[in-house]
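A short worksheet on the structure shown next.
Readers should treat all values here as calculations from the given coordinates under stated rules, not as data from a laboratory. Because the structure is a prediction, the values reported are computed rather than measured. As a convention, Cβ positions derive from the backbone with ideal geometry for all residues, glycine included, and neighbour counts pool all protein chains shown.
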Amino acid sequence: MKLENVRAVVTGGASGLGAACIRHLRTHGASATILDLDAERGTELAQETGAYFAPTDVTDERGAAASIRAAAEAMDGINVAITCAGIATSLKTLGRDGPHPLDAFQKTIDINLVGTFNIARLAATVMANNPTGADGVRGVIVTTASIAAYDGQKGQVAYAASKAGVAGLALPMARDLAREGIRTVAIAPGIFRTPMLESLGEDIMQSLAADVTFPKRLGDPEEFARLAAFIIECGYLNGTTIRLDGALRMP
């Protein structure tokens, strides 16, 4: 699938990894719709790039379905979905103030895992009606896992579980959707310079970068976007999770 023929929806598309994907796709001639709760950033990025914007809560079944329908109407279809919406929770299973709050764990799972699946299944419903391209492909789904799925740190029990779930979706979803001609691939990014990480401050970011094997720096969101674009264009990639982490293995 060539990028100029792409009609993509990107969750979490107003900032960070999602915004990088929007900019990369639009630069290469693709149509794209930003799905995000942040109306201010979403509107600004849509104006900057010429993308569409649909305010979206990925955990809202009816609302997300309406956003997918609106995106399909605006772009005359959908053949790519990139799911970047997510939150990070830093709480131990048993902390000084007691056990991990169950609602915080549930919220992380709902947004990171259930929200990813919600958008994937809704986008797949639209893609299944597309005409077939090379190798019979009708669509591509790119999800965002994390190296925390494999190397979860202290205090990351909710986040790591949610991202392990996203990684675990890749193969069965690819098998489920093979009949419809839809590929599914997950990206497991390491430590990337996103607004979430920048909020920690430059000193902490540099200390985190020092643990990366090579190159010793934070990931650039544009690198994530380029990998997502490669997955879209490389027809034989399917049912797997790709680490994008500078060979970082968290201790």
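For Ala32, enumerate residues with amide H under 5 Å from its amide H, sequence gap 5+ or separate chain, H modeled in the peptide plane.
HN-HN under 5 Å from Ala32: Ala8, Tyr52.
Let me spell out the model: positive unit charges on the Cβ of Lys and Arg, negative unit charges on the Cβ of Asp and Glu, origin at the Cα centre of the chain. What dipole size does that give, in debye rounded to 20? Display every interim value, and only then the final one.
Working: 23 positive and 27 negative charges, 136 e Å.
Rounded to the nearest 20 debye, it is 660 debye.
With unit charges on the beta carbons (Lys and Arg positive, Asp and Glu negative) and the dipole taken about the Cα centre of region 37-152, which residue among Thr89, Ala70, Pro101 sits farthest to the positive side?
Toward the positive end, the furthest listed residue is Pro101.
Return the long-range amide H neighbours of Leu244 (sequence gap of 5 or more, or a different chain), with a cut-off of under 5 Å between placed amide H atoms.
Ala188, Gly190
Sort 112-121, 38-47 by packing, meaning the average of other beta carbons within 10 Å per residue, with the highest value first.
Numbers: 112-121: 22.3, 38-47: 16.4.
So the order, starting with the most tightly packed, is 112-121, 38-47.
7 Å from Cα along Cα→Cβ at both Asp203 and Lys154: what's the point-to-point distance in nm?
Simple spin-label model gives 2.0 nm for this pair.
Going by average Cβ density within 10 Å per residue, which order do the peptides 101-107, 210-216 take, highest to lowest? Provide the component values of the computation, followed by the final result.
Values: 101-107: 13.3, 210-216: 11.7.
Final packing ranking: 101-107, 210-216.
At 7 Å along the Cα-to-beta-carbon direction for both Glu222 and Gln106, put a label point, then send me their distance in nm to one decimal.
Using points 7 Å along Cα→Cβ, the separation is 4.3 nm.
Taking 0.36 nm per residue of separation and subtracting the Cα-Cα distance, what length does fully extending Val114 through Leu94 add?
Details: separation 20, 0.36 × 20 = 7.20 nm, distance 2.44 nm.
Gain on extension, Val114 to Leu94, equals 4.8 nm.
Among Tyr159, Tyr52, Tyr150, which comes first, second and so on when ranked by fewest other beta-carbon atoms within 10 Å? Could the numbers behind the result be given before it?
Details: Tyr159 24, Tyr52 20, Tyr150 17.
The fewest-first ordering by Cβ neighbours comes to Tyr150, Tyr52, Tyr159.
Computed from the mean reciprocal separation of all distinct C-alpha pairs, what Kirkwood hydrodynamic radius does region 1-147 have, in Å? Mind showing how you got there, number by number?
Details: mean 1/r = 0.0635 Å⁻¹.
The Cα-based Kirkwood calculation yields 15.7 Å.
Cα centroids of region 209-232 and region 97-114: how far apart, whole angstrom?
28 Å
What ratio of Cα Rg to 2.2 N^0.38 Å holds for region 114-251? Present the calculation step by step, with values, prior to reporting the outcome.
Details: Rg = 16.3 Å, N = 138, 2.2 N^0.38 = 14.3 Å.
Scaled against compact globular proteins, the figure is 1.14.
If each residue's Cβ is checked for other Cβ atoms within 10 Å, how do Arg69, Arg62 rank with the fewest at the top?
Values: Arg69 15, Arg62 8.
Taking fewest neighbouring Cβ atoms as first place, the list is Arg62, Arg69.
What's the extension gain from Phe214 to Ala66 if we count 0.36 nm per residue and subtract their Cα-Cα distance?
Numbers: separation 148, 0.36 × 148 = 53.28 nm, distance 4.31 nm.
Full-extension gain reported as 49.0 nm.
Expressed in nm to one decimal, what extension gain is obtained for the pair Asp135 and Met196 from 0.36 nm per residue of sequence separation less their Cα-Cα distance? Before the final figure, lay out the partial values.
Details: separation 61, 0.36 × 61 = 21.96 nm, distance 3.88 nm.
Contour length minus the Cα-Cα distance gives 18.1 nm.
How about Lys107: which lysines have a C-alpha closer than 27 Å to its C-alpha, ignoring those fewer than 8 places off in the same chain?
Lys92, Lys154, Lys163
Sort the following peptides by mean Cβ neighbour count (other Cβ atoms within 10 Å, averaged over residues), highest first: 167-180, 218-231.
Numbers: 167-180: 17.2, 218-231: 19.4.
So the peptides 167-180, 218-231, ranked by packing, come out 218-231, 167-180.
Roughly what % of Cα-Cα distances in the chain sit above 26 Å, to the whole percent?
Details: 11225 of 31375 pairs.
That tail contains 36 percent of the Cα-Cα pairs.
Could you work out the relative contact order of the chain, using alpha carbon pairs under 8 angstrom and six or more residues apart, expressed as a whole percent? Mind dumping the intermediate values first?
Working: 529 pairs, mean separation 50.6, N = 251.
Rounded, it is 20 percent for the chain.
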